[in-house]
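Worksheet: the structure to be examined is printed underneath.
The values are calculated or read from the model by the stated rules, or taken from the named source; none is laboratory data. Bear in mind the structure is a predicted one, so any value in this text is a computation, not a measurement. Methodologically, a virtual Cβ is constructed for each residue, glycine included, from the backbone with ideal geometry; neighbour enumeration extends over all protein chains shown. Just the protein is used for accessible areas: all its heavy atoms, side chains included, with ligands, DNA and RNA removed. Shrake-Rupley method; radii C 1.70, N 1.55, O 1.52, S 1.80 Å.
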Amino acid sequence: MSQIKPSFRVKQIYGWLYHHYVLSFDEMKNIPKALKEELAEKFVVNPLSIVNKEESSDGTIKYLLQMQDGKTMEAVWLKMKDKQLDASGKLVQEAKYTICVSTQVGCKVGCTFCLTAKGGFTRDLTAGEIVAQVVTLKRDNDHKHNRKINIVYMGMGEPLDNLSNLAKAIEIFKEEEGLCIGGKRQTVSTSGLSNKIDQLGAMDLGVHIAISLHAVDDKLRTELIPMNKAHNISSIIEAVKRFPIDTRKRVMFEYLVIKNKNDDIASAKKLIKLLSGIKAKVNLIYFNPYPGTHYDRPSKEDMLAFQEYLIKHGLLCTIRDSKGIDISAACGQLKEKMEGEI
Ligand code: SAH
Ligand code: SF4
């Protein structure tokens, strides 16, 4: 964009792309025809098409999106809070939304509980394809440019395994004339590539990180996440301690709870020890089963007991409410269901 002169044109183009969500350069009414043609030769405005959409009763919408080479990936529109009306019916608080985006088609990490891993790795998404997921979902839900939105990099793929495109997308999201989504509103979820956590930290983009920890000892963690052999728990904890975070914020640790694997109080006890000295919060996730998996969903009682133990010992801990549980909610599950149908 920096090559485009005069600079007010850049602002106009950003407006068309990120405020009006246009689908082609043709729609950019106040841009000279010659420039529109030149741009259309070099760039694509809308690289994604919606192949399938599943809407859950709680307002979650899961999208299967197709890229220009025919490959597909998922993005999810999550309603985090309902709108609030006062007694007279006046709107006091708009509904709040988060968009969950993918960073790769498939994934190299190969977690044994994850459906995305089953198909292996196909390719990295470009920064444009990462950004376009947010634009496509905002457009589809008629979400105005000035309404706030959060982004979580928790869709398909390992974001830190596609670090340069991830960083580019983060910067594009942050552009004030564009979508204006600050670093504080973006959370990168990683399976724990400790060297890349350091690299992301050094870029000082102001984003949050979430660590998919899932286990408190290296034996189980390596069973669940094979690359734990190269990036073990202590290397991740050390990298987290070095990561620049807003002092008012906490680092999120995601803990996928699997029946009879890591749902016992002894694990909860070890977790407290492991995270001592870190400003952490823990998000417990119910394992979401799919056909062919040999893991099971934990019981609600065990989940609540695990949470209660952590809270009693001073750790902030939430249970991820299974948004969209009726619509193939976990990572990779919609793609898997649709494969062969498109
Ligand atoms: N690769 C990154 C981000 C994408 S995965 C990471 O692993 O953090 C996003 C989240 O989906 C991870 O926390 C992962 O543990 C979770 N997930 C994967 N398979 C799941 C399943 N079957 N049930 C519930 N959560 C799952
Ligand atoms: Fe990749 Fe994350 Fe799935 Fe593991 S959980 S295979 S890192 S997408």
Checklist entry - Amide H of Thr122: which non-local residues (sequence gap of 5 or more, or other chain) have their own amide H closer than 5 Å, using H built in the peptide plane? => result Val105, Gly106, Cys107
Next on the checklist: With a 1.4 Å probe and all protein chains kept in place, how much accessible area does Glu37 have, in Å² rounded to the nearest 10?
Outcome noted: 100
Checklist entry - Going 7 Å from the Cα of Ala230 in the Cα-to-Cβ direction, what parts of region 184-215 have a backbone nitrogen less than 14 Å from that spot? => result 191-197
Item to check | Selection from Ser24, Val45, Ala34, by position along the positive dipole direction of region 1-45 (Cβ) | outcome: Ala34
Checklist entry - Between Glu171 and Asn46, what length in nm is gained on full extension when 0.36 nm per residue of separation is reduced by their alpha carbon distance? => result 43.1 nm
Checklist entry - On average, how much accessible surface per residue is there in the chain, in Å², for a 1.4 Å probe, leaving out ligands, DNA and RNA? => result 48
Item to check | Distance between modelled label sites at Ile245 and Asn30, nm, 7 Å Cα→Cβ extension | outcome: 4.3
Checklist entry - Under a 5 Å amide H to amide H cut-off, with H placed in plane at 1.01 Å, what residues pair with Lys281 once short-range neighbours are removed? => result Val251, Met252, Phe253
Item to check | Carbon and sulfur %, accessible surface of the chain computed with the full protein complex present, 1.4 Å | outcome: 51
Item to check | Degrees between helix 194-203 axis and first principal axis of the chain (Cα, 0 to 90, nearest 10) | outcome: 40
